[in-house]
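Below: one structure, written as C-alpha cells.
The values are calculated or read from the model by the stated rules, or taken from the named source; none is laboratory data. Being a predicted model, the structure only gives us computed values, none of them experimental. With ideal geometry, Cβ positions are generated from the backbone for all residues, glycine too; neighbour counts draw on all protein chains shown.
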2 protein chains.
Amino acid sequence: MAVYTEVTDDDLESFVADYNVGEVLACKGIAEGVENSNFFLQTQQDSFILTLYEKRVNADDLPFFLELMEHLADRGIRCPLPVNGRDGQSLRRLSGRPAALFTFLEGMWPRKIHPFHCAELGKAMAQFHVAGLDYGRTRANNLTVGNWRPLLESCGGRGDEVKPGLTDFLARELDFLEANWPKDLPRGVIHADMFPDNVFYRGESLSGIIDFYFACTDFLVYDLAICLNAWCFERDGSFNMTKAKLLLGHYRKERALSKAEIDALPVLARGAAMRFLLTRLYDWINHPEGAFVKPKDPMEYLRYLTFHQSVTGPSAYGIGE
Amino acid sequence: MAVYTEVTDDDLESFVADYNVGEVLACKGIAEGVENSNFFLQTQQDSFILTLYEKRVNADDLPFFLELMEHLADRGIRCPLPVNGRDGQSLRRLSGRPAALFTFLEGMWPRKIHPFHCAELGKAMAQFHVAGLDYGRTRANNLTVGNWRPLLESCGGRGDEVKPGLTDFLARELDFLEANWPKDLPRGVIHADMFPDNVFYRGESLSGIIDFYFACTDFLVYDLAICLNAWCFERDGSFNMTKAKLLLGHYRKERALSKAEIDALPVLARGAAMRFLLTRLYDWINHPEGAFVKPKDPMEYLRYLTFHQSVTGPSAYGIGE
C-alpha cells in the first residue's frame, strides 16, 4: 500500500503541462510498492505511471536509475521508460518530491508462481544482464556482505525477541559469509530486487520488469541467487527444484555461466537470504506503532537460509557444469 | 488507502472470462476510498473499475446501488455504469467477496475547492435528484436523525476523551434535532455522501459522480445540507458564502426548491454536521491500534455544527425565497 504524498489536482496540472502528453483525464494512487508513491495517470495521449520518490530513496541515485531504464529500453528490455518533458529532462519535482513520469507497462505480477514464470524470468534476467554490460554508470551495492554486520548490530540484539538465539545464529552465519564471499565473479548491473511483484506477465509470457530502485553494480549471478530465494520456495517452505532448474537453465541459454559462477551459487544464495532476512528484521523491529505498511515476516527468510546452509553444491539447485 | 482483499491473477482471469471485455492487460489496486477494495482494470477492450464489496457494505443493499447507477446512467447522469457479464448479471463474486465491474469515469476530484466546483456540483446534484425521482426501489437512510442517539450512546461517553463536555453538548443538540427535524419535505433518492472525493472534474466541468454506497431515500434537500458542510467551509473553518450561493443557486436552476425546503436548510445543515461528526467520532474511538485507514478528525464537524447553530435563517447560506 503506498501513497505517501498527496498530489493536488492543481499541482498535477502544472506538472503535466511540462510534458507533451495532453490533458490529465484521471489520476489514481496505486496501492502497491512500499518505497515510493505511485499513481496511474491517464492523459489524452496515453497511460503513464507517475512516481514520487520518498525519503528512503537517495535523490543522488535517481540519475543512475532513470538512465539505466533508458539504456535498457534502448536495447529492447521491456521496462518503464522515463518520459522526457519539453525541456528534455525526465526528473523534476512535484509536491515537494523528486518525481518522474514513466510509460505504462502492461501485465500483472504473478501471485502464485508456476514453473513457466521461472523459465521466462531466467531468460529475461539474462537479457537484462547482457543489455546492462555497456551501461556507463556504476552504483555500489550498499546492501551486500560488508553491510550486513552493521545492519545486524543496528538491531541491537532485538532479533532474539523475534526468535530466541537468532542474533547469535546470524552472527555465526555472517562469519561464514564474510570468510567465503566470492571476490572475482563477472560484474555488471543487477536488479537486486527481482521479486514476483516486480515482474509482469501477460498469460504465460513475461511482459516487463519494473522497480529498478535497488539496481547496482555487483556479481551478475547474485541476481540469480536472489531469485532462487524469491521465486523457488513454496508457501510451505519447501524448495521447488523444477522452478530453480528452469530459472537457471533458461538464463544460461541467453548468457553463459562460468564454473566459478555456478560454484558460487550456494554461498550467494545464503547471502541473498541473509540480506532480505536482515532488512526485514530491521523493519520488523523498527516499524512505528500503527505503521502504514505492515512489515514482512523475517522468519520466512530464516527458513530459506537454513535450506541453503544444508546445500552441499550447486546441483541442489538443479545445475551442474 | 484501500485494498482490503487481495485478488490473484488466476482468480481475476476467470472472473473477467465471464465478461465480453477481452484479456486483462493490467490491474492495479487503487489507494482511494475507505469502504471497499477498488482496482483499476485495463483490458484489451477498455478501462474499468473493479470493486470488491467489503464487510461494511450490506450485500442485500447492492442491487439497490447497482440498479440505481444503471437507472441514472440511462437518464444521462455521468456515473460509473455496472458492466453486465455474459449472463446479463452485473453482481458476482471474486476472492470471496461480492464484486462488480464498472465503466471508468474520467476526471479528478478537487483537492482545493474553487467556487466554480460548487456551481457545477449544484447543477449536477439537481439533475441527479430529478433523474432519481422515478427510480423504483427505495432504501431507508440508516444514518438519519433517529439513528444518531444510539450512535452517540454506543460511544459510551468517550467523546469527552476527544473534547471535554462533548458528549453532553451532542446530547443537547440531539434534543434540538429530534424536536425540530422536518417531517414532510419532498423525498427521493439522495447520494448522502457527495464529498469532493466522490465528484470528478475535467478542467472546470464536472465529469461525473461516484460512490453511491450511502445512497438512500430521504429529503432531497438534505443532500444539499451535506454539501454545505462538505464543500463550503474553508480549511480555517470559515464558511464561504459565495460557494454556498453558487451551490444552491445552480441547483435551483435545474430543480425548484420550495419555501419549506429552503426554511429547513439550517436545521438540516445542523443534522448533516451531526451525522458526520458522530460517525467520525465512533470511528475515532473504535479504530484498532495500528489501523490501516487513519480515521478522520471529528472536531472539524464540531466547528461546522457550531456555525450552523449560530445561523438564524437560510439567508446565512445565501439563499432566500
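Within the stretch B:146-163, does at least one residue satisfy the condition of being surrounded by 16 or more Cβ atoms within 10 Å (Cβ to Cβ) and closer than 25 Å to B:ALA244 by Cβ? The answer is yes; a qualifying residue exists. Restricting attention to the stretch A:34-70, the residues that are within 20 Å of B:GLN42 (Cα to Cα) and either among the hydroxyl-bearing types (Ser, Thr, Tyr) or assigned to a strand (DSSP E or B) (or both) add up to 11. Is one or more of the residues making up the stretch B:58-71 more than 10 Å from every other protein chain (Cβ to nearest Cβ) and touching a helix residue (DSSP H, G or I) at 6+ places or on another chain (Cβ under 8 Å)? Yes, the stretch B:58-71 has at least one match. Note on the stretch B:14-33: residues that are over 20 Å from B:PHE200 (Cβ atoms) and not in a loop (DSSP other than H, G, I, E, B) amount to 7.
Condition first: charged (D, E, K, R) and either modelled with pLDDT of 90 or more or outside the structural domain of B:PRO98 (by TED's automatic domain parsing) (or both). Now tell me which residues in the stretch B:29-53 satisfy that. The one that is charged (D, E, K, R) and either modelled with pLDDT of 90 or more or outside the structural domain of B:PRO98 (by TED's automatic domain parsing) (or both): B:ASP46.
Return yes or no: is B:ILE77 within 13 Å of chain A (Cβ to nearest Cβ) and either touching a Gly at 6+ places or on another chain (Cβ under 9 Å) or modelled with pLDDT of 95 or more (or both)? So B:ILE77 does not fit the description; no. Among all residues of the stretch A:176-186, there is at least one that is touching a Phe, Trp or Tyr at 6+ places or on another chain (Cβ under 6 Å) and either assigned by TED's automatic domain parsing to the domain that holds A:TYR251 or hydrophobic (A, V, I, L, M, F, W, C) (or both).
Filtered by the rule that a residue be farther than 18 Å from A:ALA140 by Cβ and small (Gly, Ala, Ser), the stretch A:24-79 gives A:ALA26, A:GLY29, A:ALA31, A:GLY33, A:SER37, A:SER47, A:ALA73, A:GLY76.
Among the residues of the stretch B:225-239, the one identified as in contact (Cβ under 8 Å) with a residue 24 or more places away in the chain and of a type in the set (S, T, N, Q) is B:ASN229. The residues of the stretch A:71-91 that are under 19 Å from A:PHE104 (Cβ atoms) and loosely packed, with under 15 Cβ neighbours inside 10 Å, listed by number, are A:ASP74, A:GLY76.
To keep it simple, each residue is scored yes or no on (1) in a helix (DSSP H, G or I); (2) β-branched (Val, Ile, Thr); (3) closer than 23 Å to B:ILE190 by Cα; (4) touching a residue at least 60 places away in the same chain (Cβ under 8 Å).
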residue: B:LEU246; (1), (2), (3), (4): yes, no, yes, yes
residue: B:ARG252; (1), (2), (3), (4): yes, no, yes, yes
residue: B:ILE262; (1), (2), (3), (4): yes, yes, yes, no
residue: B:VAL267; (1), (2), (3), (4): yes, yes, yes, yes
residue: B:PHE307; (1), (2), (3), (4): yes, no, no, yes
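Applying the condition of being among the small types (Gly, Ala, Ser) and under 16 Å from B:ARG97 (Cα atoms) to the stretch B:1-22 and asking which residue is surrounded by the most Cβ atoms within 10 Å (Cβ to Cβ) yields B:ALA2. Among the residues making up the stretch B:210-244, those that are of a type in the set (A, V, I, L, M, F, W, C) and assigned to a loop (DSSP other than H, G, I, E, B) are B:ILE210, B:PHE212, B:PHE214, B:ALA215, B:CYS232. Anything in the stretch A:71-90 that is part of a loop (DSSP other than H, G, I, E, B) and within 30 Å of B:LEU41 (Cβ to Cβ)? List them, or say none. Passing the criteria: A:GLY76, A:ILE77, A:ARG78, A:CYS79, A:PRO80, A:LEU81, A:VAL83, A:ASN84, A:GLY85, A:SER90.
Applying the set (1) within 30 Å of B:SER95 (Cβ to Cβ); (2) within 14 Å of chain B (Cβ to nearest Cβ); (3) in contact (Cβ under 8 Å) with a residue 60 or more places away in the chain; (4) not basic (Lys, Arg) to A:LEU12 leaves exactly one unmet item: (1). Give the residues of the stretch B:93-113 that are within 12 Å of another protein chain (Cβ to nearest Cβ) and either touching a residue at least 12 places away in the same chain (Cβ under 8 Å) or assigned to a strand (DSSP E or B) (or both), sorted by residue number. Selection gives B:SER95, B:PHE104, B:LEU105, B:GLU106, B:GLY107, B:MET108, B:TRP109, B:PRO110, B:ARG111, B:ILE113.
From the list B:VAL267, B:VAL221, B:VAL311, the one residue that fits, being surrounded by 23 or more Cβ atoms within 10 Å (Cβ to Cβ) and β-branched (Val, Ile, Thr), is B:VAL221.
Going by the conditions given, is A:ILE49 within 17 Å of the chain's Cα centre (by Cα), under 21 Å from A:PRO196 (Cβ atoms) and touching a residue at least 40 places away in the same chain (Cβ under 8 Å)? Considered against the rule, which asks whether it is within 17 Å of the chain's Cα centre (by Cα), under 21 Å from A:PRO196 (Cβ atoms) and touching a residue at least 40 places away in the same chain (Cβ under 8 Å), A:ILE49 comes out as no.
Among the conditions (1) outside any helix (DSSP H, G or I); (2) within 25 Å of A:LYS28 (Cβ to Cβ); (3) away from chain A (no Cβ under 14 Å); (4) not charged (D, E, K, R), B:CYS118 misses just one, which is (1). Among (1) away from chain B (no Cβ under 14 Å); (2) over 22 Å from A:LEU170 (Cβ atoms); (3) basic (Lys, Arg), which single condition is A:ARG235 missing? (1) is the only condition that A:ARG235 fails.
For residues that are at the interface with chain A (Cβ under 9 Å from one of its Cβ atoms) and of a type in the set (D, E, K, R), scanning just the stretch B:23-46, find the one that is surrounded by the fewest Cβ atoms within 10 Å (Cβ to Cβ). Result: B:GLU23. Can you say whether A:ALA256 is at negative phi, not in a helix (DSSP H, G or I) and not basic (Lys, Arg), as far as the supplied structure shows? Yes. Do we find that B:THR51 is within 14 Å of chain A (Cβ to nearest Cβ), within 30 Å of A:ASP10 (Cα to Cα) and crowded, with 21+ Cβ neighbours inside 10 Å in this structure? Taking the combined requirement at face value, the residue satisfies it.
Any idea how many residues of the stretch A:198-212 are within 13 Å of chain B (Cβ to nearest Cβ) and either of a type in the set (S, T, N, Q) or surrounded by fewer than 17 Cβ atoms within 10 Å (Cβ to Cβ) (or both)? Residues in the stretch A:198-212 being within 13 Å of chain B (Cβ to nearest Cβ) and either of a type in the set (S, T, N, Q) or surrounded by fewer than 17 Cβ atoms within 10 Å (Cβ to Cβ) (or both): 5 in total.
Among the residues examined, B:VAL83 does not qualify as more than 14 Å from every other protein chain (Cβ to nearest Cβ) and at pLDDT below 90. Of the residues examined, A:ASN180 is one that is in contact with a helix residue (DSSP H, G or I) (Cβ under 7 Å, 6 or more places away or on another chain) and more than 20 Å from A:LYS296 (Cβ to Cβ).
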